[in-house]
1. For region 78-117, give me each residue that is touching an Asp or Glu at 6+ places or on another chain (Cβ under 9 Å), under 18 Å from Ala37 (Cα atoms) and crowded, with 16+ Cβ neighbours inside 10 Å.
2. Return a yes/no flag: does region 50-67 have any residue that is more than 21 Å from Asp19 (Cα to Cα), in contact with a Leu (Cβ under 8 Å, 6 or more places away or on another chain) and among the β-branched types (Val, Ile, Thr).
3. In this structure, does Leu24 turn out to be surrounded by 14 or more Cβ atoms within 10 Å (Cβ to Cβ), at pLDDT 80 or above and not in a loop (DSSP other than H, G, I, E, B)?
4. Which of the residues belonging to region 66-75 are free of Cβ contacts under 8 Å to residues at least 40 places away in the same chain and loosely packed, with under 15 Cβ neighbours inside 10 Å?
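The values are calculated or read from the model by the stated rules, or taken from the named source; none is laboratory data. These figures come from a predicted structure and were not determined experimentally. Here the Cβ is made from the backbone with ideal geometry for all residues, glycine too, and neighbour counts use every protein chain on show.
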Amino acid sequence: MLYQHKAIHVTPDDADETDLYRVLADRYPHPERYVRANMIATIDGAISVSGRSGQLGGPTDRAVFRTLRGLADVVLVGAATALAETYHQPQPDPQFSAHRGAGRPAAPVLALVSRSLTIDPAYPP
């Protein structure tokens, strides 16, 4: 099995989502072959503020998050994170719909991971 790691460093100057999409799509031209991971942490290693990670990011972080979702077919999220952040099924994003191509879903599917399997079957709302 081949493992490949590529880190992408994004600065506030790179925050234009259309350009981010192009850069990421060009770097990874075959979306069906890649797993992308995205996380955020403070300089001291904190991963949340009051139990939520969404407050940690700024405009550039949100642009990267949105762009990665625009490239994804599935968004894999821990169930506790999804509940804390009130994640919903992603909706088609007009910004990236033209780029998604034939044969791909209009929006990524939300997939939850749980160790305890105590997820309400009606989730996501």
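1. Correct list: Ala107, Pro108.
2. No, region 50-67 contains no residue that is more than 21 Å from Asp19 (Cα to Cα), in contact with a Leu (Cβ under 8 Å, 6 or more places away or on another chain) and among the β-branched types (Val, Ile, Thr).
3. Criteria not met by Leu24.
4. Listed by number, the list holds a single entry, Val74.
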